[in-house]
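For reference, the structure is listed below as structure tokens.
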Amino acid sequence: GGGTMTRSAVLALIVLALLDTASDANAEQTGPKDKTKPKTKPPTATRDGQAGDATEAAGKSVDALASEVERLRESLERMNQTLTRLCDRTGACTEEGGTCTFDRQSPASRGKEDYRETWLEPTFPQLFRIEESGWFDGLFHIGWLQHFPVYADRNYLGRFYEEGPLWKLWQDTASFYDANGNHVGTLVESPIKWAFNIIPNLLFGRKYWRLYDRHGNLVLEGSPENYLNVMLRGDTRGDIFWSPTSSTQYLSRMTNTAHEGIRKWHITRNDNRKAAEIEEISIKNMAGKTKTGWLIEVENPDRLDPLVPGFFAAYNKMEETTTTLDFLAYLLKILITFCPIVYGVLNFSLSLEIRI
């Protein structure tokens, strides 16, 4: 709207300037009427010269106005680009007709609590912990599927689960169910991996994840950083997650790898701002037994859903722990990968023998 009004105003100024220039040129050509002086016809050359000067002056005015319009257009374009970047980073704008405009009712411009409407679970706190399952919980799963309870202080919030055994044989998952047993979201690992980023297979290579909400809507996508780039940089390998609807990206990287049991992860946005922290905890309870888990805290000014780093932590622990189903799933993928190859080789060898 602002851009349209500005262009209309500039065009109106151009038209007025051209009309004014034309009027001056006409006045110079006709001259003032004076009855006291005899009417003398000015030389034709003089009239032609004055008309030429007026035309040249008008052309210069039009060129100057055109340059000014182009300068204003470039300024508006830069302003729109800056506003779009602010929209992507803060969420304080909405897209209307392809233009990013400020929205006073958007999550970033409302109260601190209102933006929680965009979370997977709007009532979820910004500080909570994920605990490893105790021996009593393990009796009901017998090492087949992993699960981790979630607490905020003494309040039970829900539990992260791996999905059913048949699903586990094909791909790894981490699902969160709230305290009432309602499904909230699921992090799914693609069964297809990419060796050297170009060869699809089921066994090794770069993998990809997707995070879905309770309605099946895609929330985030992700994959590990490029191995070669990280190796050349001499850094620990992190996981990158990005939003499918904006340019916002999150990087989860372990910042303390030397000591088992006290590791830390920092999650940062692509604007170099820290969004959350995951800290591995190891404490002794009143009975003297060690309790382990993760403490997760989301930075207060950020708009990151606290369940997102919760999914990161739960999935990371599930990947580190090898269960009976993990072993069976690996054997199944080996069979699926190599059986067609062996079958093809045997058929080829048999066809050669028949020809001979």
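The values are calculated or read from the model by the stated rules, or taken from the named source; none is laboratory data. Here the structure is a predicted model, which is why all the values come from computation and not from measurement. With ideal geometry, Cβ positions are generated from the backbone for all residues, glycine too; neighbour counts draw on all protein chains shown. These area figures cover heavy atoms from the full protein model, side chains too; ligands, DNA and RNA do not enter into them. Shrake-Rupley method; radii C 1.70, N 1.55, O 1.52, S 1.80 Å.
A few comments on the model shown:
- Evaluation of E319 against (1) closer than 15 Å to Y161 by Cα; (2) open to solvent by less than 40 Å² (accessible area, probe 1.4 Å); (3) of a type in the set (D, E, K, R) (one fails), failing number: (2)
- Hey, I354 of a type in the set (A, V, I, L, M) and in a strand (DSSP E or B) or not: no
- Every pair of residues 6+ apart whose Cβ atoms lie under 6 Å, when the first sits in segment 258-279 and is at pLDDT below 80 while the second is among the small types (G, A, S): G261/S282
- Of all the listed residues (G181, G185), the sole one being part of a loop (DSSP other than H, G, I, E, B), over 27 Å from L331 (Cα atoms) and either open to solvent by less than 80 Å² (accessible area, probe 1.4 Å) or aliphatic (A, V, I, L, M) (or both) is G181.
- Subset of segment 313-337 that is under 17 Å from L211 (Cα atoms) and among the hydrophobic types (A, V, I, L, M, F, W, C) - its residue that is farthest from the chain's Cα centre (by Cα): M318
- Scan of segment 298-316 for residues that are open to solvent by 50 Å² or more (accessible area, probe 1.4 Å) and modelled with pLDDT under 80, ordered by number: N300, P301, R303
- Among the residues of segment 122-145, just one is touching a Phe, Trp or Tyr at 6+ places or on another chain (Cβ under 8 Å), at pLDDT below 85 and open to solvent by less than 40 Å² (accessible area, probe 1.4 Å), namely L145.
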